[in-house]
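Bear in mind these aren't lab numbers, they're just calculated from the coordinates by the rules spelled out. Note that this is a predicted model, so its numbers are computed, not measured. All Cβ positions, even for glycine, are placed from backbone atoms using ideal geometry, and neighbour counts span all protein chains on display.
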Amino acid sequence: INVVNVDLYVSDKKGNPITGLSAKDFQLFEDEKKVKITNFSPGGDPEEKTSLIIYVDNSSVSASSRDRVLDVVVPFVERVMTTEGTAVMVVRFDRRLYVEQDFTTDPAAVRLAVDTIKLTEPGESTQARERSFRADAKEAMELLQGGGPNSGVGRTALDGVFASAMGFGASQRASTILSVEALTALARSLGIRPGRKSLVFIGDGLALRPMSDMMASFQRQIVSRQGGS
């Protein structure tokens, strides 16, 4: 069953809420195709609880960055669990989804799940791969500018840099697709859970144009060095 909650706020031109609406007053489309509205609940329920998901993208974040953010997030989460009775789920993405802790109102269980994630070894961070690429590019440019026998070595190194950039772009694209698919699957699974849901995403983000951004940066390095020579 795929159920997706859609929250709406309808107001007049002055910003005042419009009440008395029903499901027949709305049309819902997905990819330009009309879909059926199966449930409709007007107005917000003040007693409605919010569920919180801690989502750790372990595939592209450094351990130090991940743990530093978790050390800030967990005390906040424990406070809302204690004061508001918020249910929390802990999820780790590492090329696939792992539910480290299903929804619970026990802060100790959440803390244990987070500590378990801290023991896992993350994949190489996006920033680390970019630093490696930039170092290789800088070395190749220095060999080219050195002239003499270094020029041939520099051209070979430059070819290697371009190949590295292509591999980096393909790897990042595949990683982004997997991350988006995992987030989509998680969002769909949460559709049947009542109440509101909030997700805390911990990771290096999603690289939308990794190859283009990397090559643009490389070209700027080339132009800069040629202009200075």
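Would you mind computing, in nm to one decimal, how far apart the modelled labels at Leu97 and Ser189 are, each placed 7 Å from Cα along Cα→Cβ?
Result: 0.4 nm between the two label points.
To the nearest 20 Debye, how big is the dipole of region 5-71 about its Cα centre, given +1 on the beta carbon of each Lys and Arg and -1 on that of each Asp and Glu?
220
Determine the gain in length on full extension of the stretch Asp159-Lys118; use 0.36 nm per residue of separation and subtract their C-alpha separation, reporting nm with one decimal.
10.9 nm is the gain from fully extending Asp159 to Lys118.
Using the Karplus curve 6.51 cos²θ - 1.76 cosθ + 1.60 with θ = phi - 60°, what ³J(HN,Hα) values do you get for each residue of region 60-72, in whole Hz, with x for Gly and Pro?
Once θ is set to phi - 60°, the couplings for region 60-72 become 8, 10, 6, 4, 5, 5, 4, 5, 5, 5, 4, 5, 8 Hz.
Given a Förster distance of 45 Å, report the FRET efficiency between Arg173 and Ser41 from their Cβ-Cβ distance, rounded to the nearest 0.05.
Efficiency for this residue pair is about 0.70.
Which FRET efficiency, nearest 0.05, do Thr104 and Leu8 yield, Cβ-Cβ r, R0 25 Å?
E between Thr104 and Leu8, to the nearest 0.05, is 0.25.
Just in region 58-108: which trypsin sites (Lys or Arg not before Pro) are loop by DSSP and have at most 15 other Cβ atoms within 10 Å?
In loop regions of region 58-108 (DSSP not H, G, I, E or B), the sparsely surrounded trypsin sites (Lys or Arg not before Pro) are Arg95, Arg96.
Just to be sure I understand the model, the point goes 7 Å from the Cα along the line to the Cβ. What's the resulting Phe201 to Glu78 distance in nm?
For Phe201 paired with Glu78, the spin-label model returns 2.7 nm.
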